[in-house]
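Some notes on the structure that comes next.
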Amino acid sequence: MWPFTGEAPTLWLALYLGTFALHAVFVSYVLAGTGYALVQSLRKADDPIAAAVRDRLPFMLGCGITAGVAPLLFLQLLYQRRFYTANLLMGPRWGAVVPALIVGFYALYLAKAKTSQRLRRLALAVGTACFVFVAWSWTELDQLMQAEPAWRAMYAAGQRIYGAAAIYPRLLLWLGAMLTLFAIVASWWATGGERRRLAILGLVGRAISVIAALVLARSGGALDGSAHGWLYLLIAALAIEAGGWLWTMRTPDGAGLTLVTGAGAAALVCATIVREAPRLALLEPPRAEAAAAAGFPVFALTLVTGIATITWIWRAIRSTRPAE
Ligand code: HEM
């Protein structure tokens, strides 16, 4: 089934799409969760959702960064020349993602600690700014990779920021999707009225994404014709998800959330494929020497060592847990 057919390296592509979707779930919780906790702190609202979210944010950021490594590796394999060129063109501005993540990490620990309200607000504001910056940077990199005709002029002008008009509605589309993904995950730890509030946020997130998608479409934003089937599936999944949210608002502790989660997961998978479609035409076959130097024994050794180390850490931590 398209796009897992023809010239595209099927396995790498499937692994890229699957791991990218997982990454999106975690970073959505981080970005939208930090923003949510900030708004509630500015409103001085005594909100159990915000307290629970603050508590989980550092862990979720760790998961988001770790889950970003796998799609990063597959992305480099799939689009080598384009990925590295975009990295080099953006240079230090792209490198700023790393300090932003470090500052964001510390800010989340500060927001979680027992501290004054003012300091907590400041930490959440800094964290939100850092994560929006990181999201913007990824969107810019994604677009610059596909804009080969702009590379020469950008290099000649020593420009570090690629300011194509499509970047901002695309970022808005992502911010809406992130709000919804956050609402889905956070709802599993909430009940009653809290779930109802998250359902409203879930719907608001989708409304933001739809508006941004319409702006993108009007400006000729990229939608590859071959992805139409996946787009229809995406629209159907979003409609079912919306029904699930309305059900959750009526009966917060019913099965509505299960429906939302299933439909939301399907929507995420379809959206990652629709998102990838315009770039598939840019895939280049691997160079012969690179294909020959695949290094499977090293990969296998690393895999076994990795599994053994993780098992050892897991067992060591379990053995320190007091017996129940
Ligand atoms: C809180 C931190 C982060 C946020 C908010 C974030 C957000 C995003 C967003 C919004 C995109 C989609 C860009 C687009 O389609 O326009 C994206 C893509 C991606 N992110 Fe993250 N990200 C974060 C951290 C990371 C880290 C640390 C890594 C790597 C270790 C990573 C790896 C990736 C990869 C590989 C892609 C796919 C890029 C592409 O396909 O062009 N992200 N991220």
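Data for the structure
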{"quantity": "Unit charges at the beta carbon, dipole of the chain: most positive-side option, A113, L17, W2", "calculated": "A113"}
{"quantity": "Peptides ranked, highest mean first, by Cβ atoms within 10 Å: ranges 279-287, 230-238, 262-270", "calculated": "262-270, 230-238, 279-287"}
{"quantity": "Packing-based order for 146-155, 133-142, using average beta carbon neighbours within 10 Å, highest first", "calculated": "133-142, 146-155"}
{"quantity": "Segment I307-L11, length gained on full extension (0.36 nm per residue, minus Cα span)", "calculated": "104.4 nm"}
{"quantity": "Rounded to the nearest 20 debye, dipole of the stretch 10-284 from Cβ charges on Lys, Arg, Asp, Glu", "calculated": "780"}
{"quantity": "Förster-model FRET efficiency, 51 Å R0, W138 and R321, C-beta, rounded to 0.05", "calculated": "0.85"}
{"quantity": "Base-10 log of normalised Debye intensity for the stretch 242-324 (one unit scatterer per alpha-carbon) at q = 0.19 Å⁻¹", "calculated": "-0.88"}
{"quantity": "Distance (nanometres) between label positions extended 7 Å along Cα→Cβ at A45 and T261", "calculated": "2.4"}
{"quantity": "Normalised contact order of the chain, rounded percent, pairs of Cα under 8 Å and 6 or more residues apart", "calculated": "18"}
{"quantity": "Per-residue [θ]222 nm for the chain (sum of -39500 (n - 2.57) over DSSP H runs n ≥ 4, rounded to 500)", "calculated": "-28000 deg cm²/dmol"}
{"quantity": "Accessible area of the stretch 10-284 divided out per residue, in Å², using a probe of 1.4 angstrom", "calculated": "47"}
{"quantity": "Separation between Cα centres of the stretch 47-79 and the stretch 1-46, rounded to whole Å", "calculated": "8"}
{"quantity": "Fully extended contour minus Cα-Cα distance, from A293 to V269, at 0.36 nm per residue", "calculated": "5.5 nm"}
{"quantity": "Listed residues C270, L259, Y29: farthest to the positive end of the dipole of the chain (Cβ charges)", "calculated": "Y29"}
{"quantity": "Principal semi-axes in Å for the stretch 1-140 [√(5λ), Cα gyration tensor, largest first]", "calculated": "34, 17, 10"}
{"quantity": "Given charges at beta-carbon only (K, R positive; D, E negative), |dipole| of the stretch 248-324 in Debye", "calculated": "180"}
{"quantity": "Under 15 Å, Cβ to Cβ, from G158 - net charge with Lys/Arg +1 and Asp/Glu -1", "calculated": "+3"}
{"quantity": "Approximate spin-label separation V210-T191, in nm, with each point projected 7 Å along Cα-to-Cβ", "calculated": "3.3"}
{"quantity": "Accessible carbon and sulfur surface of the chain relative to its total accessible area, %, 1.4 Å", "calculated": "71"}
{"quantity": "Stokes-Einstein D in µm²/s, Kirkwood radius over Cα pairs - the chain at 10 °C with 1.306 mPa s viscosity", "calculated": "74"}
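The values are calculated or read from the model by the stated rules, or taken from the named source; none is laboratory data. Predicted model, so just to flag it, every value in this text is computed and none were measured. Positions of Cβ are generated from backbone atoms using ideal geometry, with glycine treated the same way; all protein chains shown enter the neighbour counts. Ligands, DNA and RNA are stripped out before the accessible areas are found, and what is left, the full protein with its side chains, is counted by its heavy atoms. Shrake-Rupley method; radii C 1.70, N 1.55, O 1.52, S 1.80 Å.
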